[in-house]
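Structure first, then comments.
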Amino acid sequence: MKHIVKIMSLLVAMTAVWVGLLQASIVPQSYTWLLPLYSVVSLGCYGLLMVGVGLMQFPTCPQESLLLQKDIIEAKEFLKQRGVDVGSD
(Lines give C-alpha, C1' and ligand atoms only; values in the text may rest on other atoms or scores of the structure.)
Protein backbone atom coordinates (compact mmCIF):
# COMPACT_ATOMS: atom_id res chain seq x y z
CA MET A 1 0.00 0.00 0.00
CA LYS A 2 1.33 3.44 -0.84
CA HIS A 3 2.36 5.66 2.02
CA ILE A 4 0.03 8.47 0.98
CA VAL A 5 -2.93 6.10 1.24
CA LYS A 6 -1.81 5.08 4.72
CA ILE A 7 -1.43 8.70 5.78
CA MET A 8 -4.79 9.72 4.31
CA SER A 9 -6.59 6.80 5.95
CA LEU A 10 -4.95 7.65 9.27
CA LEU A 11 -6.00 11.28 8.86
CA VAL A 12 -9.60 10.29 8.08
CA ALA A 13 -9.67 7.95 11.07
CA MET A 14 -8.29 10.62 13.39
CA THR A 15 -10.82 13.13 12.09
CA ALA A 16 -13.65 10.65 12.66
CA VAL A 17 -12.46 10.01 16.22
CA TRP A 18 -12.14 13.75 16.86
CA VAL A 19 -15.65 14.50 15.58
CA GLY A 20 -17.02 11.54 17.52
CA LEU A 21 -15.42 12.73 20.74
CA LEU A 22 -16.73 16.25 20.21
CA GLN A 23 -20.29 15.09 19.53
CA ALA A 24 -20.31 12.67 22.47
CA SER A 25 -18.90 15.40 24.75
CA ILE A 26 -16.34 12.95 26.13
CA VAL A 27 -13.59 15.50 25.73
CA PRO A 28 -14.10 18.89 27.41
CA GLN A 29 -14.36 21.80 24.97
CA SER A 30 -11.16 23.31 26.37
CA TYR A 31 -9.16 20.28 25.16
CA THR A 32 -10.64 20.02 21.68
CA TRP A 33 -7.64 21.74 20.09
CA LEU A 34 -5.25 19.08 21.42
CA LEU A 35 -6.33 16.18 19.18
CA PRO A 36 -5.50 17.96 15.88
CA LEU A 37 -2.19 19.02 17.40
CA TYR A 38 -1.42 15.47 18.49
CA SER A 39 -2.37 14.13 15.08
CA VAL A 40 -0.07 16.62 13.31
CA VAL A 41 2.80 15.67 15.62
CA SER A 42 2.02 11.96 15.16
CA LEU A 43 1.97 12.28 11.38
CA GLY A 44 5.27 14.16 11.51
CA CYS A 45 6.82 11.40 13.62
CA TYR A 46 5.42 8.79 11.24
CA GLY A 47 6.91 10.64 8.29
CA LEU A 48 10.32 10.84 9.95
CA LEU A 49 10.12 7.16 10.81
CA MET A 50 9.34 6.26 7.19
CA VAL A 51 12.25 8.38 5.95
CA GLY A 52 14.58 6.67 8.45
CA VAL A 53 13.38 3.20 7.50
CA GLY A 54 13.75 4.07 3.83
CA LEU A 55 17.32 5.23 4.40
CA MET A 56 18.18 2.10 6.37
CA GLN A 57 16.80 -0.13 3.64
CA PHE A 58 18.33 1.86 0.79
CA PRO A 59 19.28 -0.66 -1.89
CA THR A 60 22.91 -0.96 -2.82
CA CYS A 61 23.72 -1.09 -6.49
CA PRO A 62 27.28 -2.35 -7.05
CA GLN A 63 26.97 -2.14 -10.84
CA GLU A 64 25.84 1.47 -10.67
CA SER A 65 28.67 2.22 -8.25
CA LEU A 66 31.22 0.91 -10.73
CA LEU A 67 29.66 2.93 -13.56
CA LEU A 68 29.72 6.05 -11.39
CA GLN A 69 33.41 5.54 -10.54
CA LYS A 70 34.14 5.10 -14.26
CA ASP A 71 32.28 8.34 -15.04
CA ILE A 72 34.23 10.17 -12.35
CA ILE A 73 37.55 8.99 -13.79
CA GLU A 74 36.45 10.03 -17.30
CA ALA A 75 35.37 13.46 -16.03
CA LYS A 76 38.69 13.98 -14.24
CA GLU A 77 40.63 13.05 -17.39
CA PHE A 78 38.46 15.38 -19.48
CA LEU A 79 39.03 18.26 -17.08
CA LYS A 80 42.78 17.58 -16.90
CA GLN A 81 42.93 17.78 -20.70
CA ARG A 82 41.23 21.19 -20.48
CA GLY A 83 43.78 22.40 -17.92
CA VAL A 84 41.58 22.25 -14.83
CA ASP A 85 43.25 21.13 -11.60
CA VAL A 86 41.04 18.37 -10.17
CA GLY A 87 43.36 17.36 -7.34
CA SER A 88 45.15 14.09 -6.87
CA ASP A 89 43.83 10.75 -5.66
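The values are calculated or read from the model by the stated rules, or taken from the named source; none is laboratory data. All values derive from a computational prediction rather than experimental measurement. Glycine gets a Cβ as well: all are built from the backbone with ideal geometry, and neighbour counts include every protein chain shown.
Structure summary
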read-out: Yes/no for Ser25 being without any contact (Cβ under 8 Å) to a residue 60 or more places away in the chain and on the phi > 0 side of the Ramachandran plot; value: yes
read-out: Failed criterion for Ile4 (all others in (1) over 15 Å from the mean Cα position of the chain (by Cα); (2) at negative phi; (3) loosely packed, with under 10 Cβ neighbours inside 10 Å hold); value: (1)
read-out: Members of region 15-43 found to be aliphatic (A, V, I, L, M), part of a helix (DSSP H, G or I) and modelled with pLDDT under 75, listed by number; value: Leu35
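Yes/no per residue for (1) in a loop (DSSP other than H, G, I, E, B); (2) free of Cβ contacts under 8 Å to residues at least 24 places away in the same chain:
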residue: Lys6; (1), (2): no, yes
residue: Ala13; (1), (2): no, yes
residue: Cys45; (1), (2): no, yes
residue: Met50; (1), (2): no, no
residue: Pro59; (1), (2): yes, yes
residue: Leu66; (1), (2): no, yes
residue: Lys80; (1), (2): no, yes
residue: Val84; (1), (2): yes, yes
residue: Gly87; (1), (2): yes, yes
